[in-house]
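Please treat every number below as a calculation from the coordinates, not as lab data. These figures come from a predicted structure and were not determined experimentally. Note: ideal-geometry Cβ built from the backbone for every residue, glycine included; neighbour counts use all protein chains shown.
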2 protein chains.
Amino acid sequence: MAKPSPVSPLAPTHVPAMPEIAGVRLGTAAAGIRYKGRTDVLLAVMDKGTTAAGVFTTSKCPSAPVEWCRAVLKGGKAQALVVNSGNANAFTGKTGKASTKLTGDIAAKAVGCKPNEIFLASTGVIGEPLDATKFNGVLDKLNETATPDGWLDAAKAIMTTDTFPKVATAKVKLGKATVTINGMAKGAGMIAPDMATMLSFIFTDAPISAPALQALLKAGVADSFNAVTIDGDTSTSDTLLMFATGAAAAQGAPKITKASDVRLKAFVKALHMILNDLAEQVARDGEGARKLVEVVVEGATTKASARRIAMSIANSPLVKTAIAGEDANWGRVVMAVGKAGEPANRDKLSISFNGIRVAKSGARDPSYDETEVSNAMKNDKVQIKVALGLGKGRDRVLTCDLTKEYVAINGDYRS
Amino acid sequence: MAKPSPVSPLAPTHVPAMPEIAGVRLGTAAAGIRYKGRTDVLLAVMDKGTTAAGVFTTSKCPSAPVEWCRAVLKGGKAQALVVNSGNANAFTGKTGKASTKLTGDIAAKAVGCKPNEIFLASTGVIGEPLDATKFNGVLDKLNETATPDGWLDAAKAIMTTDTFPKVATAKVKLGKATVTINGMAKGAGMIAPDMATMLSFIFTDAPISAPALQALLKAGVADSFNAVTIDGDTSTSDTLLMFATGAAAAQGAPKITKASDVRLKAFVKALHMILNDLAEQVARDGEGARKLVEVVVEGATTKASARRIAMSIANSPLVKTAIAGEDANWGRVVMAVGKAGEPANRDKLSISFNGIRVAKSGARDPSYDETEVSNAMKNDKVQIKVALGLGKGRDRVLTCDLTKEYVAINGDYRS
């Protein structure tokens, strides 16, 4: 194991107070999944009638809990979420499948529902069998003691190499009622040292049907979690789940059955804000990160083309090491644009760092001031903007720099 | 500029003696392209009748010399090659194009041929105008003094952040004559610190027509230079050129007009050996590299699918840092297989490190000995073998580990 890192210098200075959400109770425990005496289990219990939505890793080798959730999601109902850290239950073969089944059974019995209303997520070491019998006794006790507060403790329970817990919250009007959205996330590399997974869980008391919730979540993820990259590596376990208890219906919130419902306007805006906030926190906690990097590509032929070019820049080791070295190395940005394979005309390209244009029309901008750029690069947030001059396609992604600490965290250890 | 690095620990222990090639003369000089007193120009002069072939970067933002070579290659004839280090003449707009034209004119005048028989390659800083007037006086003097030996000096003249010169040579029978193939290469990252380019030049006295030569080179590059990756970044300037003087015809070598000519069998084998040798030397000189990594993927649905999976593994920062840490982290290999997006069945996957199987049938191989694997990972060459169990597709790629030195070389400097 890597030694515990100090908190990222990019950690948010303010952690919001997390309100309760009617219909959700939380409990955490130390079940000794991998280490003794370390909180490693989160149980979220939800009232009957809670709907569920989920988005998962695109990996062709997903973990057992991802396969479990995909199957359970077909029912669209949730009564509990069980998350453990310490073991990802990924690449564990038939044992892994049996382990999810046993966890689902134990949780269903504890909460008093069917196994297909239980959602599971695991994060930690890959390839080690997860001994689900450790949940025996733990989950029923947690069900008895779970309380509506303790959101920060919940966010801490799911951390692995994260250096700070990640939460976000918002209250908005839905009809005449006020509804709440709470979110938490973990994830520091797409796979941390021998650990796996970006996990995020969103809860609301808004009454929204499962299909509508799924559509809302899918739309929200495209420009938030799917627009963040630490190292271009994709976990076998990435899981984003959203649960809607519907408890706000008692305060007069309208029951929503379509994602396109106009009454959702404020809700959708708040949901996107929360997803963006959590995604940015993941980038801010990138392994070894010292700088948050926003890559903006505009003037591409389409938004999808802008995304691919932005990802090519954000995943380039040479761009990321240059940012770590506080070097406005636009030649490497050109390289990354060129290798993306998307339409680009070298002689129309302009590139700016933190608002200072260093290249235009396919050559160095003769007017830029090297000292001014050098100073701008010392900022702990660096924006790279590329204008292609071809069309109206625009997109942005977030990443972080590539430092020696990243190599140390991921290379200097023996598990 | 980064401080000069000590020679890579992976450098070949033996440098071959490079024989002369009839019809080729070489000269190097210090033209002060970027630094004073440093050899930075190579002129290779070739006899009339020399044919040419070339393969270039797939970047959508290629350098001016790449565009020049692509145009000149249509004629298929070569009388000189001019290479400079210190300035890549990439992303230099109209100035860059004018600069290649002026270099071509100066070289053509010096050698006594047409500009469309001159090939150009530049490596070094991106985005700085290349002052081609510096070639004035230099190239005609080089043409007068160029000699058939000095291959190692030539290989040194084209180095940037390379820690050792890269050459390879072979002699084979073509008909009843003995023909020679000489090659040289440079390239340490796909883009070294503020530098660009993998360059390689192959020369032979075999009489081979330009179309046949082009077909031979294209076929040879697929499993050599195109199967090497340092950091997944693609230079704007990657250039591989091959020249055939045809001088061996005087010794009775048959004139070859088709790549499929059966008399080429030994020649093709030697050419592939040289291309592989040079490509491996490039991987051995990867920036900061401490280990040469061979990724073998077998049992894929097709060779192309095996290549994409192998590249996904070879470009994964998490796999590469694990190798640097001498950790047989097969979980990260599974992750990289999964993210490649190619057909893969988790439960059929086997993974070996240096011949020791650590995972089989989708789970940890219960029989492997951790101490044995740990010892194997200390080797300076590490083979990762993945067996997918789906079909007969097989491929291999070469890369190196990702160390703190890579980050230092690429991040710890201000140009």
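Between the helical axis of B:303-314 and the longest alpha-carbon principal axis of chain B there is an angle of about 80 degrees. With a cut-off of 13 Å between beta carbons, the residues surrounding B:Ile21 carry a summed charge of -2, where Lys and Arg count +1 and Asp and Glu -1. In nanometers and ordered shortest first, the copy-to-copy spacing of the A:Ala250 label point, defined 7 Å from Cα toward Cβ, is 10.0.
Our note on the geometry: Cα centres of the range B:361-415 and the range B:287-322, 8 Å apart.
Within 10 Å of the Cβ of each residue in A:338-345, the mean number of Cβ atoms contributed by other protein chains is 5. Sequence neighbours fewer than 8 away in the same chain don't count; with that in mind, list the lysines whose C-alpha is under 25 Å from A:Lys255. List returned: A:Lys48, A:Lys74, A:Lys77, A:Lys114, A:Lys171, A:Lys173, A:Lys176, A:Lys218, A:Lys265, A:Lys269.
Think of chain A as a dipole: +1 on every Lys or Arg Cβ, -1 on every Asp or Glu Cβ, centred on the Cα centre; then among A:Gly288, A:Val125, A:Ser8, A:Val125 lies furthest on the positive end. Projected onto the charge dipole of the range A:103-195 (+1 at Lys/Arg Cβ, -1 at Asp/Glu Cβ, origin at the Cα centre), which of A:Thr103, A:Thr178, A:Phe135 gives the Cα projection farthest towards the positive end? Going by the Cα projections, it comes out as A:Thr178.
Computed over chain A, the alpha-carbon pair-distance distribution with 20 angstrom bins reads 27, 53, 19, 1, each value a whole percent. Exposure proxy shown here: for A:Ser200, B:Ser209, the number of other Cβ atoms within 10 Å sets the order, fewest to most, as B:Ser209, A:Ser200.
Specify the residue with the greatest mean-square fluctuation among A:Glu326, A:Glu342, A:Glu117, computed from a Gaussian network of chain A linking alpha-carbon atoms under 10 Å apart. Looking only at A:Glu326, A:Glu342, A:Glu117, the largest GNM fluctuation is found for A:Glu342.
For B:Arg38, nonlocal amide neighbours, meaning residues 5 or more places apart or on other chains whose placed amide H falls under 5 Å from its own, are B:Gly32. Seen from B:Leu139, the other residues with C-beta closer than 11 Å to its C-beta sum to a net charge of 0, counting Lys and Arg as +1 and Asp and Glu as -1.
At 37 °C and a viscosity of 0.692 mPa s, what translational diffusion coefficient does Stokes-Einstein give for the range B:292-411, taking Rh as the Kirkwood radius over Cα pairs? Give it in µm²/s as a whole number. Intermediate values should be presented prior to the final figure.
Values: Rh = 14.2 Å.
The diffusion coefficient I find is 232 µm²/s.
Among the trypsin sites (Lys or Arg not before Pro) within the range B:36-93, those in coil by DSSP and having at most 15 neighbouring Cβ atoms inside 10 Å are B:Lys36, B:Arg38, B:Lys48. Rounded to the nearest 20 debye, the dipole magnitude of the range B:70-223 is 500 debye, with +1 charges on Lys and Arg beta carbons, -1 on Asp and Glu beta carbons, and the Cα centre as origin.
Rounded to the nearest 20, the size of the Cβ-charge dipole of chain A about its Cα centre is 1060 debye, with Lys and Arg at +1 and Asp and Glu at -1. Amide hydrogen proximity for A:Asp223: with H placed 1.01 Å from N in the peptide plane, no residue at 5 or more positions away or on another chain lies under 5 Å. The GNM of chain A, with springs linking C-alpha atoms under 10 angstrom apart, assigns the highest mean-square fluctuation among A:Gly286, A:Gly391, A:Gly54 to A:Gly391.
Please name which of B:Gln383, B:Gly338, B:Leu402 has its Cα lying farthest along the dipole of the range B:338-415 towards the positive end, using unit charges on Cβ (Lys, Arg +1; Asp, Glu -1) and the Cα centre as origin. In the range B:338-415, that residue is B:Gly338. Across chain A, C-alpha contacts under 8 Å between residues 6 or more apart give a mean separation that, scaled by the residue count, equals a relative contact order of 18 percent. Derived scalar couplings between HN and Hα for the range B:208-225 equal 10, 5, 4, x, 5, 4, 4, 5, 5, 5, 4, 5, x, 7, 4, 9, 10, 4 Hz in order, rounded to whole Hz, by the Karplus curve 6.51 cos²θ - 1.76 cosθ + 1.60 (θ = phi - 60°), x for Gly and Pro. Our summary of shape: the Cα atoms of the range B:28-135 have principal axis extents of 35, 33, 19 Å, ordered from largest down, in whole angstrom. For the protein assembly as shown, the direction-averaged projected area of the alpha-carbon convex hull comes to 34.6 nm².
If you take every residue apart from A:Ala376 with its C-beta less than 13 Å away from the C-beta of A:Ala376, what net charge results, scoring Lys and Arg +1 and Asp and Glu -1?
Working: positive: A:Lys291, A:Arg357, A:Lys378, A:Lys381, A:Lys385; negative: A:Glu326, A:Asp327, A:Asp369, A:Glu370, A:Glu372, A:Asp380.
Residues near A:Ala376 contribute -1 overall.
Inter-copy label distances at B:Pro148, using a point 7 Å along Cα-to-Cβ, come to 9.3 nm with the shortest given first.
Residue and distance for the chain B Cβ closest to the axis that moves B onto A, in whole Å, come to B:Lys404, 2.
Between 0 and 90 degrees, rounded to the nearest ten: what's the tilt of helix A:93-111 against the longest Cα principal axis of chain A? Between helix and principal axis, roughly 60 degrees. On a 0 to 90° scale, report how tilted helix A:64-73 is relative to the longest principal axis of chain A, with both axes built from alpha carbons and the result rounded to the nearest 10. With rounding to tens, the tilt is 70 degrees.
To make sure I understand, if each residue's beta carbon is the centre and we count other beta carbons within 10 Å, what order do A:Arg290, B:Arg307 fall in, fewest to most? Final ranking by Cβ density, sparse to dense: A:Arg290, B:Arg307.
Derived scalar couplings between HN and Hα for the range B:323-339 equal 4, 4, x, 6, 10, 7, 7, 6, x, 6, 5, 4, 3, 5, 4, x, 7 Hz in order, rounded to whole Hz, by the Karplus curve 6.51 cos²θ - 1.76 cosθ + 1.60 (θ = phi - 60°), x for Gly and Pro.
Residues A:Cys400, B:Cys113, B:Cys61, arranged from fewest to most other Cβ atoms within 10 angstrom of their Cβ, appear as B:Cys113, B:Cys61, A:Cys400.
Shortest first and in nm with one decimal, please list how far the B:Ala17 label point sits from its counterparts in the other copies (point 7 Å along Cα→Cβ). Distances between equivalent label points, in nm: 8.5.
When Cβ neighbours within 10 Å are restricted to other protein chains, what is their mean count per residue of peptide A:311-319? Mind dumping the intermediate values first?
Values: counts 0, 3, 0, 0, 4, 6, 16, 15, 3.
Average per residue, whole number: 5.
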